[in-house]
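Visitor: Structure in structure tokens, see below.
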Amino acid sequence: MEVLFKSMDTGRYACLGFDVLNLLGSLPPAFNVQKGRVDYLLDIIANPDNHARTIKVDPFMARMDIVPLIAQEEHFLSMPKHPPSFVYMDSYSELTDQLFIHKNKQWKFCCNYTDLNHSAQFSQLFDKSGLLPLEELEGYYRCFFKYIRETYGNVPIIFLHFPVKLDRREKFKTRHRNILSIVNTLAKAFQPFYSITVADDIVDWPEERPAGLENFPYHYNAITYKTLAAAVLRTGVISQDEC
């Protein structure tokens with residue numbers, strides 16, 4: 001979930017959403033749940049005891065930079081309750097994050113499959129639920145946007161779609177098309193709602209590729225971020241003097 005306050009930003013965005021916000025200037029500090037897949041968030045709202053346990057997941061993380069993102073999932077229900085200036089999301093969590101469920105206690109967490117060391121001990125403790133099934137996407141998105149409306153009223157919703165042009169895996173291209181179609185359809189029922197994409201002919205590899213991320217298909221060239229930032233500004237939700 002992605003929510004921007006005039007005094008505080010509370011949201012659900014990964015690197016794309018963060019980098020686009022960065023281009024918009026000096027915006028408020030964030031309460032972000034980067035890997036808060038919408039089905040996970042809805043489950044935690046209904047069943048608070050199912051929240052992630054960071055201390056229990058930490059020993060199995062292959063990437064330690066992901067540990068603070070598990071903590072975000074754990075503390076989701078402590079987010080500010082007053083209405084935001086707008087809701088701001090990107091598609092990465094439903095596109096790539098997988099769900100893992102503790103076999104005995106039934107609490108859950110989300111992350112990429114490769115964020116974890118899939119040891120024998122991990123497999124003994126956790127069920128691997130995988131990606132959010134495509135046939136369930138629409139229902140979960142509808143319920144999540146309904147929750148936003150019921151909780152925060154008629155605040156604008158901005159939803160950025162991660163380009164998949166650089167990803168050669170067909171299953172993620174299919175997921176992208178499904179997410180885009182569903183969000184564009186639901187946007188009509190949850191206005192004001194801005195579903196934002198960038199044309200594939202603009203998207204390319206980043207000008208600089210950090211070591212270890214040379215082939216990561218979800219970091220982009222500068223013009224991709226600039227084009228998306230301009231599209232966010234065109235919504236009128238953020239005024240130029242706020243940036």
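The values are calculated or read from the model by the stated rules, or taken from the named source; none is laboratory data. If you're wondering where the values come from, they're calculated on a predicted model, not measured in any experiment. When we count neighbours, we look across all protein chains shown, and the Cβ atoms used for this are built from the backbone with ideal geometry, even at glycine.
Visitor: Restricting to region 74-108, give me the number of residues that are acidic (Asp, Glu) and over 21 Å from Lys146 (Cβ atoms).
Guide: 2
Visitor: Turning to a different aspect of this structure: When you go through Arg177, Arg209, Arg142, Arg149 one by one, which is the residue that is assigned to a loop (DSSP other than H, G, I, E, B), among the basic types (Lys, Arg) and out of contact with any strand residue (DSSP E or B) (no Cβ under 7 Å at 6 or more places or on another chain)?
Guide: Arg209
Visitor: Would you confirm whether or not region 140-162 contains a residue that is over 24 Å from Leu77 (Cα atoms) and surrounded by 15 or more Cβ atoms within 10 Å (Cβ to Cβ)?
Guide: Within region 140-162 (the criterion being over 24 Å from Leu77 (Cα atoms) and surrounded by 15 or more Cβ atoms within 10 Å (Cβ to Cβ)), the answer is yes, since at least one residue qualifies.
Visitor: Across region 97-113, which residue is surrounded by the fewest Cβ atoms within 10 Å (Cβ to Cβ) among those that are outside any loop (DSSP other than H, G, I, E, B) and touching a Phe, Trp or Tyr at 6+ places or on another chain (Cβ under 7 Å)?
Guide: Among them, the one singled out is Ile101.
Visitor: Give the residue, chosen from Val87, Val20, Val67, that is out of contact with any Cys (no Cβ under 8 Å at 6 or more places or on another chain) and closer than 18 Å to Phe126 by Cα. Give the steps one after another, and end with the answer.
Guide: Details: Val87 fails: closer than 18 Å to Phe126 by Cα; Val20 fails: closer than 18 Å to Phe126 by Cα.
Within the list Val87, Val20, Val67, the selection yields Val67.
Visitor: So Ala120 ticks every box in (1) modelled with pLDDT of 95 or more; (2) within 16 Å of the chain's Cα centre (by Cα); (3) not charged (D, E, K, R) but one. Which box is left unticked?
Guide: Among (1) modelled with pLDDT of 95 or more; (2) within 16 Å of the chain's Cα centre (by Cα); (3) not charged (D, E, K, R), Ala120 violates only (2).
Visitor: When you go through (1) outside any loop (DSSP other than H, G, I, E, B); (2) under 30 Å from Thr224 (Cβ atoms) one by one for Gln121, which number turns out not to apply?
Guide: (2)
Visitor: If Ala187 satisfies all but one of (1) over 29 Å from Tyr152 (Cβ atoms); (2) within 20 Å of the chain's Cα centre (by Cα), what's the number of the condition it fails?
Guide: (1)
Visitor: What tally of residues in region 1-32 results from selecting those that are at pLDDT below 85 and either closer than 24 Å to Thr96 by Cα or buried (at least 22 other Cβ atoms within 10 Å of the Cβ) (or both)?
Guide: We begin by selecting, within region 1-32, every residue at pLDDT below 85; these are 1-11, 25-31.
Now drop any that are not either closer than 24 Å to Thr96 by Cα or buried (at least 22 other Cβ atoms within 10 Å of the Cβ) (or both), which leaves 1-4, 9-11, 30-31.
Qualifying residue count, region 1-32: 9.
Visitor: Kindly list the number of the only condition in (1) under 30 Å from Asp204 (Cα atoms); (2) part of a loop (DSSP other than H, G, I, E, B) that fails for Asn154.
Guide: (1)
Visitor: Criterion first (among the charged types (D, E, K, R), under 12 Å from Gly11 (Cα atoms) and in contact with a strand residue (DSSP E or B) (Cβ under 9 Å, 6 or more places away or on another chain)) does Asp90 satisfy it? Talk me through it step by step, then tell me what you get.
Guide: Details: among the charged types (D, E, K, R): yes; under 12 Å from Gly11 (Cα atoms): yes; in contact with a strand residue (DSSP E or B) (Cβ under 9 Å, 6 or more places away or on another chain): yes.
Yes, satisfied.
Visitor: Still on this structure, please answer the following. Looking at Tyr218, Tyr225, which is the one that is modelled with pLDDT of 95 or more, of a type outside the set (Gly, Ala, Ser), within 19 Å of the chain's Cα centre (by Cα) and more than 13 Å from Ser91 (Cβ to Cβ)?
Guide: Testing whether each residue is modelled with pLDDT of 95 or more, of a type outside the set (Gly, Ala, Ser), within 19 Å of the chain's Cα centre (by Cα) and more than 13 Å from Ser91 (Cβ to Cβ) leaves just Tyr225.
Visitor: Looking only at region 190-211, which residues are without any contact (Cβ under 8 Å) to a residue 40 or more places away in the chain and under 16 Å from the mean Cα position of the chain (by Cα)?
Guide: Ser195, Ile196, Thr197
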